[in-house]
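Taking it in order: structure first as structure tokens, then the write-up.
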Amino acid sequence: MTEIVAVAVITVLAVISPGADFAMVVRNSYLYGRTTGLLAAAGVAAGVLVHVTYTMLGVGLLIASSAALFTVIKLVGAAYLVLIGVRTFFARNDLAVDLEPKQGLTRLGALRTGFLTNALNPKTTLFVVSTFTQVVGPGTGLWRQAGYGLFMSLAHLGWFGLVALFFSNAQLRTAMLRWQKVLNRGIGSVLVGLGITLGLAH
């Protein structure tokens with residue numbers, strides 16, 4: 001029971017803490033609308049399962065013990081964050097203030113963006129690996145581990161689904177679109193800052 005509570009608490013705290021996934025879902029929701037935001041949220045949740053899968057297979061223990069391997073994963077993830085941050089910051093296409101679906105990001109593209117944001121996110125790597133290596137013991141059954149992983153993914157889907165619903169609200173979205181350049185620069189700066197910080201962290 002203690003193990004279940006620990007996983008639940010750690011997961012909730014990790015999910016609601018602002019990061020690249022939050023900035024990405026907010027951006028997709030206010031620029032392209034509710035459906036795109038929800039698909040990005042689904043991609044974020046799917047990205048979590050990547051970390052759960054390799055951790056359950058034992059690769060998480062290797063990452064925790066191999067500084068070189070973790071550094072490679074960290075730098076790849078950091079570079080991806082910087083890339084999407086720079087693209088967001090310098091986005092030049094002005095969008096009309098309306099509530100119709102916007103061109104430029106397909107449904108598959110929204111899923112892919114959400115997926116890659118968390119699949120390459122060092123923060124998510126640390127969260128999943130540390131949770132499994134600290135809470136899950138040798139005696140924890142495979143089905144229970146799978147249940148923990150599914151809970152982590154569903155928690156991300158639930159939270160970021162709410163974020164997408166909120167930031168795709170018609171009135172809020174209209175106001176945000178009027179300030180889209182400022183918002184793009186703000187979100188882009190946060191993503192670049194996160195990428196650089198994670199890349200330089202020891």
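Table for the structure above
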{"item": "Exposure ranking of 26, 82, 12 by accessible area [1.4 Å probe, largest first]", "result": "12, 82, 26"}
{"item": "Surface accessible to a 1.4 Å probe, residue 24 within the full protein complex, Å²", "result": "10 Å²"}
{"item": "For segment 151-202: rounded, prolate or oblate by the Cα gyration tensor [a/c cutoff 1.5]", "result": "oblate"}
{"item": "13 Å beta-carbon shell around residue 44, net charge (K/R +1, D/E -1)", "result": "+2"}
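The values are calculated or read from the model by the stated rules, or taken from the named source; none is laboratory data. All figures in this text were calculated on a predicted structure; none of them were measured in a lab. All Cβ positions, even for glycine, are placed from backbone atoms using ideal geometry, and neighbour counts span all protein chains on display. When the accessible area is computed, the model is the full protein with side chains, heavy atoms only, and any ligands, DNA or RNA have been set aside. Shrake-Rupley method; radii C 1.70, N 1.55, O 1.52, S 1.80 Å.
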